[in-house]
């Protein structure tokens, strides 16, 4: 389910079936112009990614709205805020909270996070809608879905 | 002569002309707006009802296989290309069956033989919902209705799929 009125009504009606939440976290920056393409693709690809994951598991997984942070900001601060999000979600109760990111910088802060960090290597593409790219994303999505299911 | 003049007074004449001209101007302004507002209704229904899913009929076996395709969806002014998925196979009579993979419980995507414990069934990973090969829900599992079937047609040996039709609960 997504955080929309229609989906949330369904969710509230069958809350007992939902125990997994996923937070996509997306970096934002304007200062390193040479790396803008890299940064924007993190957002674009991750959006496609999480939509696909949500589609596969929509009956048990709640897709939390995107969390944005400054790409070169203080990750300790962000970790604290993210833990607040995780706490808000966990007490619903959600048994499994995942954080999905393409930003390798989080790997070093994994131990500070209360949620499960899923870091995936991102990629840049100009043709997000091409069949090959979608095929590739689908393959990766299947793996992530498999991983999430292993927690159930 | 003065009587004829009385029939349409200057005031009336001006009233008529102004109303007439004003009416034309208002109509001229409103017509394109109205046309614009109801434009989607006037568009001919799109041919995209059935979509070639890129699967040749001869490649369809008795084992369900997953096909993914995209449809063009026009919602008023908003155009999008949402993805669709189906499980396609031939039944014992050789008829093509195309089932929607959307679990009728809460909408997860089911897969054929998704669980090793339940061969020859569709399995929903979310809450262990199960369906037999013809898409009918197994009693005692969460789903309460069978999987919807897709409208289908075959042209030049290729499979075309249309809308998913929900079926009544078993």
Reported set for segment B:41-54 where residues are surrounded by 11 or more Cβ atoms within 10 Å (Cβ to Cβ) and away from every other protein chain (no Cβ under 14 Å) is B:48, B:49, B:50, B:51
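Restricting attention to segment A:4-49, report how many residues are part of a helix (DSSP H, G or I) and farther than 17 Å from residue A:125 by Cα. Please lay out each step first, then the result.
Keep residues of segment A:4-49 that are part of a helix (DSSP H, G or I), which gives A:5-13, A:15-17, A:33-49.
Then keep just the ones that are farther than 17 Å from residue A:125 by Cα; that gives A:5-13, A:15-17, A:33.
Looking only at that region, the number is 13.
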(Q) Residue under question is residue A:54, and the condition is that it be within 14 Å of chain B (Cβ to nearest Cβ), part of a helix (DSSP H, G or I) and over 24 Å from residue B:85 (Cβ atoms); does it hold? (A) no
ask   = Would segment B:90-101 turn up any residue that is modelled with pLDDT under 90 and within 11 Å of another protein chain (Cβ to nearest Cβ)?
value = no
The correct count of residues that are within 14 Å of chain B (Cβ to nearest Cβ) and exposed (fewer than 13 other Cβ atoms within 10 Å of the Cβ) in segment A:20-51 is 0
Of all strands (runs of 3 or more DSSP E) fully inside segment A:59-152, the set with 2 or more residues that are in contact with a strand residue (DSSP E or B) (Cβ under 6 Å, 6 or more places away or on another chain), within 14 Å of chain B (Cβ to nearest Cβ) and surrounded by 15 or more Cβ atoms within 10 Å (Cβ to Cβ) is A:61-63
Reported set for segment B:56-85 where residues are touching a residue at least 12 places away in the same chain (Cβ under 8 Å), away from chain A (no Cβ under 14 Å) and in a strand (DSSP E or B) is B:56, B:65, B:74
Scanning segment B:102-127 for residues that are closer than 23 Å to residue A:1 by Cα and more than 13 Å from chain A (Cβ to nearest Cβ) gives B:112, B:122
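Residues checked against (1) surrounded by fewer than 17 Cβ atoms within 10 Å (Cβ to Cβ); (2) under 15 Å from residue B:54 (Cβ atoms); (3) assigned by TED's automatic domain parsing to the domain that holds residue B:114:
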residue	(1), (2), (3)
B:132	yes, no, yes
B:135	no, no, yes
B:149	no, no, yes
B:159	no, yes, yes
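The values are calculated or read from the model by the stated rules, or taken from the named source; none is laboratory data. None of these values were measured; they are calculated from a predicted model. No Cβ is skipped: glycine too gets one built from the backbone with ideal geometry, and neighbour counts run over all protein chains shown.
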